[in-house]
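To keep things clear, I will list the structure first and then write my remarks on it.
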């Protein structure tokens, strides 16, 4: 089972890395198409730099790292719902800023999954479900007036397209963690040798 779990873990990680690269190029491409060169560089750096920092943080073994990602996922989830409900960000002027934030956190969670498979998988699923809810909320007014995308095509919108990768990859990590008999941990535990002897 351990071999299968490892294969599933790295398959899910590879899928998310591919999604991250393709999605990143897509977002950057739109920025360079719609904005001036320097504005496009700035807007791309605004999500790319934090994304790289989060991925590097996820690779570290600091005991607080899992807790930081739990808090970050909760914060991003709350902002996502609030934005869909209260229109915190003008999407017409700035684009799907909040969805890009969800995308960045999702990619970094895949990196965290290499160490904390179950926790990262659970957070990815939560993030995907929240994004689906937020996307649905965002189109409620249009649906009530007979407009907006068909519910069947909700996952093809700029905000909804990230839902499936998040949920599927998260589910793969959860299965991998189950097969490897890993438990849900919010903090790293020091090996016995690292504790002071009494």
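Every read-out reported here was derived from the displayed coordinates using simple, explicitly stated rules and does not represent laboratory data. Note that the structure is predicted; figures quoted are calculated from it, not measured. A quick note on method: Cβ atoms are made from the backbone with ideal geometry, for glycine too, and the neighbour counts reach across all protein chains shown.
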(1) 120; (2) 132; (3) 107: which one is volume of the Cα convex hull per residue in Å³ as calculated from this entry?
(2)
Quick one: helix 2-34 against the long Cα principal axis of the chain, what's the angle to the nearest 10°, folded into 0 to 90?
30 degrees
Of 129, 70, 22, which is the most mobile in a GNM of the chain whose springs link Cα atoms less than 10 angstrom apart?
22
Potential lengthening between residue 140 and residue 39 on full extension [0.36 nm per residue; Cα-Cα distance subtracted]:
33.1 nm
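Based on other C-beta atoms within 10 Å, arrange 34, 83 from fewest to most.
Numbers: 34 11, 83 21.
Sorted ascending by nearby Cβ count, the order is 34, 83.
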In whole Å, how far is the Cα centre of the stretch 1-47 from that of the stretch 160-180?
17 Å
Relative contact order, percent, of the chain when contacts are C-alpha pairs under 8 Å separated by at least 6 residues?
33 percent
20 Å cut-off, amide nitrogen to a point 7 angstrom out along residue 15 Cα→Cβ, residues in the stretch 101-119
102-119
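Take peptides 45-57, 116-128 and line them up by average Cβ neighbours within 10 Å, highest first, as a rough protection proxy. Before the final figure, lay out the partial values.
Numbers: 45-57: 15.0, 116-128: 24.4.
Packing proxy ranking, top to bottom: 116-128, 45-57.
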Just check the stretch 1-111 against the gyration tensor rule for me: Cα atoms, a ≥ b ≥ c as the square roots of the eigenvalues, rounded for a/c under 1.5, and otherwise prolate or oblate depending on whether a/b exceeds b/c.
prolate
So what's the angle, to the nearest 10 degrees on a 0 to 90 scale, between helix 65-86 and the longest Cα principal axis of the chain?
20 degrees
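What shape does the stretch 65-139 have by the C-alpha gyration tensor, where a ≥ b ≥ c are the square roots of the eigenvalues, rounded means a/c under 1.5, and otherwise prolate means a/b greater than b/c and oblate the rest?
prolate
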Rounded to the nearest 10 degrees, what's the angle between the helix 37-59 long axis and the longest principal axis of the chain, both from Cα atoms, 0 to 90?
20 degrees
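Using 0.36 nm times the number of residues separating residue 171 and residue 46, minus their current alpha carbon distance, what extension gain do you get?
Values: separation 125, 0.36 × 125 = 45.00 nm, distance 2.91 nm.
That works out to 42.1 nm of additional length.
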